[in-house]
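Throughout, read-outs are computed from the coordinates displayed, never taken from laboratory work. None of the values given here were measured: they were computed from a predicted structure. Cβ coordinates were reconstructed from backbone atoms using ideal geometry, including for glycine residues, and neighbour counts include every protein chain displayed.
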Amino acid sequence: MTKFNNFINGEWIPADRYIPNINPSDISDVIGEYASADEVATREAIAAARAAAESWAHSTPQERFNILDFIATEIFARADELGELLSREEGKTLPEGKGEVLRAGQIFKFFAGEALRLSGETGASVRPGVDVEITREPVGVIGMITPWNFPIAIPAWKIAPALAYGNTVIFKPAELVPASAWSLVEIISRSGLPRGVVNLVMGPGRVVGETLVSSEQVDGISFTGSVAIGHRIRATAAARGARVQLEMGGKNPLVVLDDADLDVAVNCALQGAFYSTGQRCTASSRLIVTEGIYEAFVEKLTAATAALKVGDARDATTQIGPVIDEKQLQSNLEYVESAIREGGTLVCGGQRLDLEKRGYYMQPALITDTTPDMRINREEVFGPVASVIRAADYDEALTVANDTEFGLSSGICTTSLKYARDFKRKSQAGMVMVNLPTAGVDYHVPFGGRKGSSYGPREQGAYAREFYTIVKTSYVWAGE
Ligand code: NDP
């Protein structure tokens, strides 16, 4: 079995422990054994990133462009192979896996350009003979902690801006998906980047993650993952004065109004709720439907959901891949049971599937007759489970949509400009979609949420610089 090492200070470093990376579509398929770092190795990576920070902060925009462009170009050239690897380890279908890889390439291309575009401002001082200059400088050493559901795109949208704006990186991927992370860093290792600028430290969150978060040598932490871990990280990192950026869960509403195009609405719900096995922080998990279209919508969506083909992520006919692991599958099933216990009606799916290969398969679940106070409508499931809530009219639907501690993404299906406009203005979410699924975003504009979903500056697009740079104001007096 091939062993894959951590990348620390420009070298591939073996570890005492290795963890098998299991294919969720076929648990007899072990993709490889991946190093599991301890605290000592993590501290070495931090020291390497610290030592490289000063010199990298003064690298030219051209050097940064060349490196980011090299990484993007190789990702594009290997999109089929990397996409297949991603599908094999995470369980996304092949088009979803390749799509995510291409997204990573686009992000590196975008930030190659951003390295050239970073500029400051100048202004006149209120004092005579004085000029004022506002510039942006790198923050320094950034620790990145990423989840399993987007194993290459999320690391890309953290590493690319960090490098473009002159920071050094210690990257800790989720333990369930080390292969995409390792492949990305292997490309980065050949990009001409000086040693120590990017370090890969695979290993458990409670060891590698906590060491990064508590180290005085790490100037900023960018985290994507669950609310519980995010809050812990914020408490520790903010207490020592580090920058913190958190992207956490969602309980994203999709409102369907009486005047919606039925096919558009059903397609938005189907795509948003179940594709990528519902394992997206932007998944449409609450479908809030007004009276006049309720019966037709539920009937059509039930038929479409029941027809979804669940199977091996790499089978060309599969529409919905497996759940990531046994623990997540059990949690999904438990949420379905709790919804039924509280009065919901399971209209299709919701069961584990035993297919030819042993994997973590589940038929997508649609639950009707749910109310906003039920657990299924309050907590993030993070699986192929969607609930339907009936609303009397637009006003009630909007109130229900906003009645959540989360605020990542929201959507409305309507042909009314009036309601679309009102929803865009009043929805308490970081991203609002009209006649589109709540999941599925562009790479060149800000990504992030409100309320319990996010903390700190937005990720992606030019807004990423708010986290990865520090503003400096300089005053110059030229003399008499
Ligand atoms: P977790 O919060 O469990 O893990 C996220 C990362 O944190 C992993 O790398 C994990 O490492 C690490 N970690 C675990 N414990 C600690 C710790 N004590 N200190 C520091 N780091 C730690 O989330 P999942 O990976 O299970 O991802 C699913 C969650 O992520 C969902 O709730 C989802 O909503 C959210 N998510 C949010 C997104 C957003 O942009 N808003 C996007 C994608 C997912 P390890 O794997 O080793 O445990």
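General observations
- Between THR415 and VAL130, the simple label model (points 7 Å from Cα in the Cβ direction) yields a spacing of 6.2 nm.
- In units of the compact-protein estimate 2.2 N^0.38 Å, the chain shows a Cα radius of gyration of 1.01.
- The Cβ shell under 14 Å around GLN330 holds other residues with a net charge of -2, Lys and Arg each +1, Asp and Glu each -1.
- Cross-link partners of LYS418 among lysines (Cα-Cα below 20 Å; sequence separation of 8 or more within a chain): LYS426
- Reachable lysines, given that their alpha-carbon falls under 20 Å from the alpha-carbon of LYS300 and they are not under 8 places away in the same chain: LYS309
- Rounded to the nearest 10 degrees, the inclination of helix 227-239 to the longest alpha-carbon principal axis of the chain is 20 degrees.
- Sites VAL476 and ARG190 - FRET efficiency at Förster radius 60 Å, r taken between beta-carbons, to 0.05: 0.90
- Long-range HN-HN contacts of VAL255 with modeled amide H, under 5 Å: ILE288, GLY411, ILE412, CYS413
- The chain: relative contact order as a whole-number percent, Cα under 8 Å and 6+ apart: 18
- The 3J(HN,Hα) values that the Karplus relation (6.51, -1.76, 1.60; θ = phi - 60°) gives for segment 25-35 are, in residue order, 7, 7, 6, 7, 9, 9, 6, x, 10, 10, 4 Hz. Gly and Pro appear as x.
- Equivalent-ellipsoid semi-axes of segment 321-408, from the Cα gyration tensor, Å, largest first: 27, 13, 11
- Residue-wise HN-Hα coupling along segment 300-312, computed from phi with Karplus coefficients 6.51, -1.76, 1.60 (Hz; x: Gly, Pro): 5, 5, 4, 4, 5, 5, 5, 7, 4, 9, 9, x, 3
- From the C-alpha gyration tensor of segment 252-434, square roots of 5λ in Å: 27, 16, 15
- Between helix 94-117 and the chain: long-axis angle, C-alpha atoms, 0 to 90°, nearest 10: 30
- Taking 18 Å as the cut-off, the amide N atoms of segment 1-31 that come nearer than this to a point 7 Å along the Cα-to-beta-carbon line of ASP325 belong to 4, 17-31.
- For the chain, the mean residue ellipticity at 222 nm estimated from helices alone is -12000 deg cm²/dmol, where every DSSP H run of n ≥ 4 contributes -39500 (n - 2.57) and the total is divided by all residues, rounded to the nearest 500.
- Spatial separation of Cα centroids for segment 385-461 and segment 215-232, in angstrom: 25
- Selected from SER59, PRO24, ILE142, residue furthest toward positive end of dipole (the chain; charges at beta carbon): SER59
- Using the Cβ of GLU405 as centre and a radius below 11 Å, the other residues enclosed give a net charge of +1, where K and R count +1 and D and E count -1.
- Degrees between helix 326-341 axis and first principal axis of the chain (Cα, 0 to 90, nearest 10): 40
- Modelled this way, with points 7 Å down the Cα-to-C-beta line, the labels at ARG43 and GLU295 are 7.0 nm from one another.
- Centre separation in Å (Cα based) which lies between segment 53-72 and segment 251-313: 43
- Principal axis analysis of the Cα atoms in segment 410-480 yields extents of 65, 24, 22 Å, listed in decreasing size.
- Highest to lowest packing among 238-248, 324-334, scored as the average C-beta count within 10 Å: 238-248, 324-334
- Within straight-line cross-link reach of LYS472, aspartates and glutamates at Cα separation under 12 Å, skipping those fewer than 8 residues along the same chain: GLU121, GLU133, GLU137
- With K and R counted +1 and D and E -1, the other residues having a Cβ less than 12 Å from that of GLU459 yield a net charge of +1.
- Calculated P(r) tail over 24 Å for segment 189-302, as whole % of Cα pairs: 51
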